[in-house]
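What follows draws every value from the coordinates through simple rules; no lab data is involved. What you are looking at is a predicted structure, and each value in this text was computed from that prediction instead of being measured. Here Cβ is always computed from backbone atoms with ideal geometry, including for glycine, and neighbour counts include all displayed protein chains.
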Amino acid sequence: MVMTTPMTSNNAPRPHGQARYRTTAHGLQVVIPTRCPSGRHVLSTDGCRIYETGTILHVTCRSCAGQSIVDHTWSLTTHGRKALSAEFDDQPYHSLLRTAP
Ligand SMILES: [Zn+2]
C-alpha cells in the first residue's frame, strides 16, 4: 500500500486508539482494521487511503468520504513508529470495532 500525502484539515479528529504493529521479516508492519469507522464498508487496498500526520496514522474510507459520511477516517496513534507496509486485520482492534457506530 502506498502512503500518500495528507489532505489539509483544520479540525483533526481525535484518535480512535493506538495503531497496532507487527514485526515481520520485511520490517515493521502496521495493522489496519478491515472495516471503516462507520462500519459500512470493508476496507481494501484500493478502497482506502493511508497517510500520516505527525504521530497519527489516518485510514480514510474512500466510499464514506465520497458520500460525505462524517466518520470516514480511522485515526490511530503511532507514537512515532514508522511502518514499511500495512496489512488488514481486525484481530488487534476488536475493542475498537465493537464501539464503532
Ligand atoms: Zn466506509
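Side notes on the structure shown:
- Karplus-derived HN-Hα couplings along the stretch 25-31 (A = 6.51, B = -1.76, C = 1.60, θ = phi - 60°), whole Hz, x at Gly and Pro: 4, 9, x, 6, 10, 8, 9
- Using a Förster distance of 35 Å, the FRET efficiency for residue 20-residue 62 (Cβ separation, nearest 0.05): 0.95
- Contour excess over end-to-end distance, with Cα ends at residue 70 and residue 82 and 0.36 nm allotted per residue: 1.6 nm
- For the pair residue 40 and residue 89, label points projected 7 Å from Cα toward Cβ lie 2.9 nm apart.
- The stretch 17-99 - Debye-derived log10 I(q)/I(0), Cα point model, q = 0.17, 0.24, 0.26 Å⁻¹: -0.63, -1.23, -1.39
- Each of the peptides 26-36, 84-94 was scored by the mean count of other Cβ atoms within 10 Å over its residues; in descending order, highest first, they stand as 26-36, 84-94.
- Summing charges over neighbours of residue 41, with a neighbour being any other residue whose Cβ is under 15 Å away from its Cβ, gives +1 when K and R count +1 and D and E count -1.
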